[in-house]
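Before any comments, here is the structure.
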Amino acid sequence: MSTFEARSKPHDLACSYLESLFKHRGYTYAKYGVEHKDVKEIHNKLMDCTLKNNDQTSKFVRHLPDYICIINDKVYFFDMKTQVRIDTPNYSIECDALEILQYLMQYKCLVVLIFSSDNIHPKNKLEEMLQQKPPNFKACLLNEIGQENFKKNINPERSKGSNTPFFLILKSTKGIVDFNILMDRLEVH
């Protein structure tokens, strides 16, 4: 199993649960990014294009958000960020991913970042995980989190993730709240 496949299992579990939350709330949504099962086989080829040729189109496609979701006639991008390590005071997001999300925001797109909780683990099946304790997702509207809150990690090779440069953001950053609190707020507006 490739490292991408191993790292994508917690992401897939988190996305499955997120979809159940979307359904429960009655949202209209669709998978959007290339990390979903139906297009994963091209992920490595896209990454090769990015790394070998500095191909900006492949970088853009690789880091598109995971979902589009319609809430009260407004369209939002949703991007799930699962964490390899949960014992830190930070969440992480790849530099390229943040760059693409900020690019979307330049066009006034609404972007929601969702951070996975500590019980999303590749060994857990979704049903078992939900019986133990539902994930406690945290979320934020990206435009409400100032750029100054993102601190670049200068040693990505020391991480247990993709070994690509990433930003850290404190879990306690103002604007990062419980998923349900943010969804309730979006439903009102």
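Values quoted throughout were computed directly from the atomic coordinates according to the rules given, and no laboratory measurement underlies them. Keep in mind that what you see is a predicted model, and the values were worked out from it rather than measured. Ideal geometry is used to build each Cβ from the backbone, glycine not excepted, and the neighbour counts take in all protein chains shown.
Mind sorting Ile42, Ile176 by how few other Cβ atoms lie within 10 Å of their own Cβ, fewest first?
Ile42, Ile176
Can you pick out the pairs among Lys81/Lys108; Lys31/Lys171; Lys52/Lys74; Lys23/Lys151; Lys59/Lys174 whose Cα atoms lie more than 32 Å from each other?
In this structure, Lys52/Lys74; Lys23/Lys151 lie more than 32 Å apart at Cα.
Quick one: order Met183, Met80, Met105 by neighbouring beta-carbon count within 10 Å, fewest to most.
With the fewest neighbours first, Met183, Met80, Met105 line up as Met105, Met183, Met80.
Kindly put Cys109, Cys15 in sequence by how many other C-beta atoms sit within 10 Å of each C-beta, fewest to most. Provide the component values of the computation, followed by the final result.
Details: Cys109 16, Cys15 24.
Ranked by crowding around the Cβ, least crowded first: Cys109, Cys15.
Mind ranking 139-148, 64-73 by how tightly packed they are, going by the mean number of other C-beta atoms within 10 angstrom, highest first? Walk me through the numbers on the way to the answer.
Values: 139-148: 15.0, 64-73: 17.1.
Order by mean packing, descending: 64-73, 139-148.
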